[in-house]
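The values are calculated or read from the model by the stated rules, or taken from the named source; none is laboratory data. In this text, all values refer to a predicted model and were calculated from it rather than measured experimentally. Glycine gets a Cβ as well: all are built from the backbone with ideal geometry, and neighbour counts include every protein chain shown. SASA here: full protein model, heavy atoms, side chains in, ligands and nucleic acids out. Shrake-Rupley method; radii C 1.70, N 1.55, O 1.52, S 1.80 Å.
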Amino acid sequence: MKDTYRHQGQRKSLIKILRSKGIQDTKVLNAINTIPRHWFIPAEFESYAYQDNAFPIDSGQTISQPYTVAYQTELLDIKPGDRILEIGTGSGYQAAILCSLGATLYSIERIKELHIQAGELLNKLNLNANLILGDGTKGAKEFAPYDKIIVTAGAPHIPTNYVKQLKTGGAIVIPVGKTQASQKMILAIKQADGSIKHEVKGDFKFVPLLGEQGWKT
Ligand code: SAH
C-alpha cells in the first residue's frame, strides 16, 4: 500500500476543511494529517478517501466522516498514556488516530471480518492497539478502569457498564438517539459519587450500536 505526494496533498486539503468546520486541536489535525485514510477504504474507492464524508466499508458498516472522527477525538482530549476504550473498531481508522495520539487503546468490534482487517491495517502502520472481538455494549471489564470511552455507533442510551468501567473524572463520548435515525453527541463525565454529568453536543448519524445494552436489532 502506498502513500504518495498526491495523498499527502489531499490530506492537507482535508485538514483545511476540518479547520473551516471548527476543529482547532492541532494534535488531532496532525494525527489526521499522518494517517493514510485511503488504506481504510475499499481500494476501488480510494479517490473518495479524503472527502469529508462517511463511506461504506465491508459488512454493511461505515468508516466515520473525518469531521466526526476529529470532533469525537477533540472532545476526548487524548493525553499520551490515556487508557481508552473504543466501541466499534469498524475500519480501524478512528483507532489509528487514537493510537497515534499516544493512547493505550482497547477497541471492541462485533463483526469478525472487520476486527481482523482492522488489526492487519494497524499492524502495517506499526500502531499497537488491543483489539477485542465481541459485544462492546458490555465494555471490557478485564482491562478497566478507563480514562475515557468513545462509542462510534449510535446508542439508545448510555450503557451502565461504561459508567462502571470509567475512572472518576473520566469521560464518555457517545452518540445517543431515541431512534436509529439520528443521534446527539453526548459528553458524559463521571463524578466522585459515581453519577454522571452530561453535556449535549451536535447532531450526528451513526450505524446502530447492537447488543445487550444497545439496540436489539
Ligand atoms: N470507528 C469506526 C466506525 C465504524 S462504524 C471507524 O473508524 O471506521 C461502527 C462500528 O460499530 C461497526 O463496525 C459495527 O459493527 C460496530 N458495532 C455495532 N455494535 C457494536 C457492539 N455492540 N460491539 C462492538 N461493535 C459494534
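Worth pointing out:
- In this structure, residue 62 qualifies as of a type in the set (Val, Ile, Thr), modelled with pLDDT under 95 and within 14 Å of the chain's Cα centre (by Cα).
- Residues of segment 79-92 satisfying the condition of being within 16 Å of the ligand (Cβ to nearest atom) and either closer than 13 Å to residue 153 by Cβ or open to solvent by 10 Å² or more (accessible area, probe 1.4 Å) (or both): 86, 87, 88, 89, 90, 91
- Applying the condition of being within 13 Å of the ligand (Cβ to nearest atom), hydrophobic (A, V, I, L, M, F, W, C) and touching a residue at least 40 places away in the same chain (Cβ under 8 Å) to segment 55-75 and asking which residue is nearest to residue 116 (Cα to Cα) yields 57.
For (1) out of contact with any Leu (no Cβ under 9 Å at 6 or more places or on another chain); (2) hydrophobic (A, V, I, L, M, F, W, C), each residue gets a yes or a no:
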| residue | (1), (2) |
| --- | --- |
| 103 | no, yes |
| 124 | yes, no |
| 168 | yes, no |
| 176 | yes, yes |
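- Hits in segment 140-169 - residues which are open to solvent by less than 10 Å² (accessible area, probe 1.4 Å) and either in a helix (DSSP H, G or I) or without any contact (Cβ under 8 Å) to a residue 24 or more places away in the chain (or both): 162
- Close pairs from segment 1-26: first surrounded by 12 or more Cβ atoms within 10 Å (Cβ to Cβ), partner among the aliphatic types (A, V, I, L, M) and not in a helix (DSSP H, G or I), Cβ under 8 Å, at least 6 apart: 7/49; 10/49
- Within segment 170-217, the set of residues being modelled with pLDDT of 95 or more, assigned to a loop (DSSP other than H, G, I, E, B), open to solvent by 30 Å² or more (accessible area, probe 1.4 Å) and closer than 24 Å to residue 62 by Cβ comprises 178, 179, 180, 181, 182, 205, 207, 212, 213, 216.
- Qualifying residue in segment 112-125 (condition: buried (at least 18 other Cβ atoms within 10 Å of the Cβ), closer than 20 Å to residue 174 by Cβ and more than 11 Å from the ligand (Cβ to nearest atom)): no
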